Amino acid sequence: MTEDLINNNDIYFPSHIGTNDELISLLNRATLSLCHWFSDAEKYGPLPLDEDFKFNMPGENGNSKEDLFSDIDYLLRNSFNPVHPGSLAHLDPPPLNFSILGDLIAAGLNNNLLAYDLSPSITLLEESICKWFAMKIGFNNSAGGIAASGGTLSNLNALIAARNNAGLGSDPNSVLLVSEDAHSSFIKCTRIMGLHENNLIRIKTDNKGCMHIQNLRKIIDKCSVDNKKIFAVVATLGSTLRGAIDPINEISKICSERNIWLHIDGSIGGIFALTSIPIEGLKNINQANSITINPQKILGITKTSSLLLVSKMNTLENTFSTGLPYISSKKNISNRGELGIQGSRPAEIIKLWLGLRFLGMKGIEDILKSSIDRKDFFIENISKNNFEIYSGPLHIVSFLPKGIMPKDSDSWTQNIINKLMKNNFMLSRPKFKGKYFLRVVMGNYNTKESHIEELLKLLDAYL
Ligand SMILES: Cc1ncc(COP(=O)(O)O)c(C=O)c1O
């Protein structure tokens, strides 16, 4: 091998020769930039105020290291900062330290979860972590799961498996039942599955945002009269608007009586099932056929981190396996590209594994419990005379001034969001049934009671 080639390798890729000093120095410098950005969170606020972003595009010749580090700094300064204690808008908490390391290691390994040959140890790691979760939530030994890039994809994996399991293929009469408060991505799932939006049937919710059981029974009966074939009922374990939990126990009884696949969308609340935190409605989730758990949304595992757990692993194999003619397979070990929609897939499981190993059950419980404590503190201290509160057992609160007309909710919430942003509080503005709400998501570990008090003072002052 010529000297020139070795030098080029050093510039472009990690080298198998020498000590990779160049890469070490790049990583150190990038680490410093990132950590300074974290430390500067208070100075810059949760969102950049100037949105006139200008990015340099690649030129004929490559750019210098200095140019690239200045690009990185520019990018950081103009990004949403989840570490800021006022970042309370969405299900995007600060990244867990060990999870950041996990992403780095996964990038360096550049293994591929498509096939065992391309990721031998990580294939087994992902299988083991899925099994570990499955056992924790009370599934038995035939259970397992598959990681995917986000809650939408985990839910979609489940729905495709459910439809296949029901033998419905692309039957245009096949329908899916979700509650009115279920996540909007189920509309997308329905479209991807080649179904009409009418094939997504919404079950009414009660005044707590939970699926109405009588209405579920009525709709199931009506489907059978109308010759509609239900391939799954989705119970939401933590709704996006207010963290409500559907009555899973009753829904699971109905599904088992009627032999319908029960999928739980636990994108928000599923992770709580690992802990002993007393959350109403978390029991019996092991009665489901499948459940999505999405640790990126509250635990701080860096995006994306989502698992679909299934009570019977062979339902995934039967649904997704096509054979990979260009890849060899090992006896008794599935190529994980054959267990879900995604083919090539990064080793996202590493950051989940390291995050969980670092936290242990006590750390997991501490983070989740703290989010409930912050939610409780917010609700205890918000003025009940002024605001109508919408919240469930989890860490999300939506609210509106009492008596506000739906038509006024749009401009009122937009105005408040803008004012809060100027004071470095970032809240969200979900639209639900024609009305806008203000919403806080209390999953930010850096948010202390003093910040919540400050937020509440501002809200009172704006009324
Ligand atoms: C209840 C629920 N399900 C599914 C999703 C979709 O998750 P993702 O954005 O990771 O695809 C969300 C997103 O917020 C959600 O709140």
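Does the stretch 219-339 classify as rounded, prolate or oblate by the C-alpha gyration tensor (a ≥ b ≥ c root eigenvalues; a/c under 1.5 gives rounded; else a/b over b/c gives prolate, otherwise oblate)? Note, shape of the stretch 219-339 comes out oblate. In the stretch 69-173, taking the dipole from charged Cβ atoms about the Cα centre, the farthest positive-side position among 99, 113, 132 is held by 132.
For the stretch 21-176, the spherically averaged projection of the C-alpha convex hull amounts to 15.7 nm².
Global dimensions of the stretch 103-356 from alpha-carbon coordinates: Rg and Dmax equal 17.7, 56 Å. Neighbour counts of C-beta atoms inside 10 Å place 135, 421, 426 in the sequence 135, 421, 426, starting with the fewest. Overall shape: prolate for the stretch 346-437, with the ratio a/c of the largest to smallest alpha carbon gyration tensor axis at 1.5 or above and a/b above b/c. Here the relative contact order of the chain, from alpha carbon pairs under 8 Å that lie six or more residues apart, stands at 21 percent. Each residue of the stretch 256-262 is assigned a 3J(HN,Hα), and the resulting list reads 6, 4, 9, 6, 10, 5, 9 Hz, derived from the Karplus form 6.51 cos²θ - 1.76 cosθ + 1.60 (θ = phi - 60°), x at Gly and Pro. Each Cα pair under 8 Å and six or more residues apart adds its sequence gap; the mean of these over the residue count of the stretch 116-195 is a relative contact order of 21 percent.
The Cα-based radius of gyration of the chain, divided by its Kirkwood radius, gives an Rg/Rh of 0.99. For the stretch 66-101 versus the stretch 121-167, the inter-centroid distance based on Cα atoms is 30 Å.
Exceeding 28 Å between C-alpha atoms, which entries from my cross-link table qualify? They are 136/222; 351/433; 384/435; 222/297. Table pairs above 28 Å Cα-Cα are 136/222; 351/433; 222/297. Note on the stretch 357-412: with charges restricted to the Cβ of Lys and Arg (+1) and Asp and Glu (-1), its dipole about the Cα centre is near 140 debye. When DSSP beta bridges are restricted to pairs lying wholly in the stretch 87-236, around 10% turn out antiparallel.
Calculate the dipole size of the chain relative to its Cα centre from +1 charges on Lys and Arg beta carbons and -1 charges on Asp and Glu beta carbons; express the result in debye to the nearest 20.
Working: 47 positive and 47 negative charges, 414 e Å.
So the dipole magnitude of the chain works out to roughly 1980 debye.
Overall shape of the stretch 54-112 was characterised from the C-alpha gyration tensor. The equivalent ellipsoid obtained from it has semi-axes of 27, 20, 10 Å, in decreasing order. Each Lys and Arg contributes +1 and each Asp and Glu -1, all at the Cβ; summed about the Cα centre of the stretch 103-356, the dipole is approximately 160 debye.
Is the shape of the stretch 3-81 best called rounded, prolate or oblate, per the rule: a/c under 1.5 gives rounded, else a/b larger than b/c gives prolate, else oblate, with a ≥ b ≥ c the square roots of the Cα gyration tensor eigenvalues? Because a/c hits 1.5 or more and a/b fails to exceed b/c, the stretch 3-81 counts as oblate.
Treating the stretch 18-58 as a set of equal point scatterers at the Cα positions, no solvent, please give the Debye-formula log₁₀ I(q)/I(0) at q = 0.14, 0.16, 0.17, 0.32 Å⁻¹. So the normalised log intensities work out to -0.55, -0.66, -0.71, -0.97. Report the percentage of all Cα-Cα pairs in the stretch 152-275 whose separation exceeds 26 Å, rounded to a whole percent. Here the tail beyond 26 Å accounts for 12 percent of pairs. Mean sequence separation of contacting Cα pairs (under 8 Å, at least six apart), scaled by the length of the stretch 3-81, corresponds to a relative contact order of 34 percent. When you count the other C-beta atoms within 10 angstrom of each residue and take the mean per peptide, 102-112, 400-410 line up highest first as 102-112, 400-410.
Rounded to whole numbers, the Karplus 3J(HN,Hα) couplings from phi for the stretch 37-47 are 5, 4, 5, 8, 3, 4, 5, 9, x, x, 10 Hz, using 6.51 cos²θ - 1.76 cosθ + 1.60 with θ = phi - 60°, and x at Gly and Pro. Here the translational diffusion coefficient of the stretch 264-421 follows from Stokes-Einstein with Rh set to the Kirkwood radius across Cα pairs; for 37 °C and 0.692 mPa s it amounts to 171 µm²/s.
Every read-out reported here was derived from the displayed coordinates using simple, explicitly stated rules and does not represent laboratory data. This structure is a prediction, so every number in the text was calculated from the model and none was measured. Methodologically, a virtual Cβ is constructed for each residue, glycine included, from the backbone with ideal geometry; neighbour enumeration extends over all protein chains shown.
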